[in-house]
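The next block holds one structure in the form of structure tokens; read it before the comments.
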Amino acid sequence: MNRILPDFKDLEKFILEQDIIYVGGGNTRNMLLLWKEWGVDQVLKKAYEKGIILAGLSAGAICWFEEGLTDPLNAPLYKLECLGFLKGSKCPHYDGENKRRSSYHQLVLEGKMKEGYAVDDGAALHFVNETLSNSVSSRPKAKSYIVKCVNGEIIEDEINTIYLSVI
């Protein structure tokens, strides 16, 4: 397998020649700060507008939204301003970390965070032209949800999630 190494002399050219940009997990805040400092946020916007597929998990999933729920080391979860390619907010690890669901609910309920999407570990959302197309999962019981505040109460609408079983 030949690996394509990035040309850091022209990172924009390298990014815009890709079919897919996949961003893994990690520290979303630090990632976004570096992207903005280096202008990568603007290059990713060009990639998005060009139709390059943008994907990721955890930090690499919330970064595409207006807001994301993130976790600093040994501190409460909090809202983070993200790239804003997709409307609303995103909460990863909905079933995988015990404080995620309650923190997300509280921030949305208090109006400190936009309504949005929550996904269990192993679940993913697929958007086409800013519209939710599908939810898929690699785990049989992993789900995705639309989370909103209605009359002072949190409502979770479960999104039909297709389990991508291994045959």
Fully extended, how many nm does the chain gain between residue 102 and residue 75 (0.36 nm per residue separation, minus their Cα-Cα distance)?
8.2 nm
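For the chain, what does the relative contact order come out to in percent, with C-alpha contacts under 8 Å and a separation of six or more?
Values: 306 pairs, mean separation 23.3, N = 167.
Worked out over the chain, it gives 14 percent.
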Which percent of Cα pairs goes in each bin when the distances of the chain are cut into 5 angstrom slices starting at zero?
2, 8, 17, 21, 19, 15, 10, 6, 2, 1, 0, 0
Sequence order, the stretch 80-85: Karplus ³J(HN,Hα) from phi using 6.51 cos²θ - 1.76 cosθ + 1.60, θ = phi - 60°, Hz rounded, Gly and Pro as x, gives 10, 6, 10, 6, x, 5
For the chain, the charge dipole (Cβ of Lys, Arg +1; Cβ of Asp, Glu -1; about the Cα centre) points to a positive end, and the Cα of 113, 85, 62 closest to that extreme belongs to 62
Report the gain in length on full extension from residue 165 to residue 134: 0.36 nm times residue separation, minus Cα-Cα distance, nm rounded to one decimal.
9.6 nm
Just to check, using Stokes-Einstein with a Kirkwood Rh over alpha carbon pairs, what's the diffusion coefficient of the stretch 72-167 at 20 °C and 1.002 mPa s in µm²/s?
153 µm²/s
Cross-link partners of residue 148 among lysines (Cα-Cα below 16 Å; sequence separation of 8 or more within a chain)
79, 87, 90, 112, 114
Taking N as the number of residues in the stretch 30-78, what is its alpha-carbon radius of gyration divided by 2.2 N^0.38 Å?
1.27
In nm, spacing of pseudo-spin labels at residue 9 and residue 33 (7 Å Cα→C-beta vector)
3.1 nm
Give me the percent relative contact order of the stretch 36-125, please, defined on Cα pairs under 8 angstrom at least 6 residues apart.
24 percent
Could you name the lysines whose alpha carbon sits less than 22 Å from that of residue 13, not counting residues in the same chain fewer than 8 places away?
36, 45, 46, 50
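Hey, can you find the accessible area per residue of the stretch 36-167 for me, probe 1.4 Å, expressed in square angstrom? Write down the numbers at each step before the final one.
On the way: 7330 Å² over 132 residues.
On a per-residue basis, the stretch 36-167 sits at 56 Å².
Cβ neighbours within 10 Å, averaged per peptide: list 128-139, 78-89 in order, most packed at the top.
Details: 128-139: 13.0, 78-89: 18.0.
Result, highest mean first: 78-89, 128-139.
What is the ratio of the Cα radius of gyration of the stretch 44-125 to 2.2 N^0.38 Å, with N the residue count, to two decimals? Write down the numbers at each step before the final one.
Values: Rg = 12.6 Å, N = 82, 2.2 N^0.38 = 11.7 Å.
The value comes to 1.08.
Taking 0.36 nm per intervening residue step and subtracting the Cα-Cα distance, what contour gain separates residue 50 from residue 18 on full extension?
Details: separation 32, 0.36 × 32 = 11.52 nm, distance 1.05 nm.
Full extension of this stretch gives 10.5 nm more.
For the chain, with only Lys/Arg (+1) and Asp/Glu (-1) charged at the beta-carbon, what is the dipole magnitude about the Cα centre, in debye rounded to 20?
On the way: 20 positive and 23 negative charges, 33 e Å.
Its charge dipole is roughly 160 debye.
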Please list 113, 31 in order of solvent-accessible area, largest first, computed with a 1.4 Å probe with all protein chains present.
31, 113
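The values are calculated or read from the model by the stated rules, or taken from the named source; none is laboratory data. Everything numeric here is computed off the predicted structure, so don't read it as measured data. Neighbour counts run over all protein chains shown; Cβ positions are idealised from the backbone, glycine included. These area figures cover heavy atoms from the full protein model, side chains too; ligands, DNA and RNA do not enter into them. Shrake-Rupley method; radii C 1.70, N 1.55, O 1.52, S 1.80 Å.
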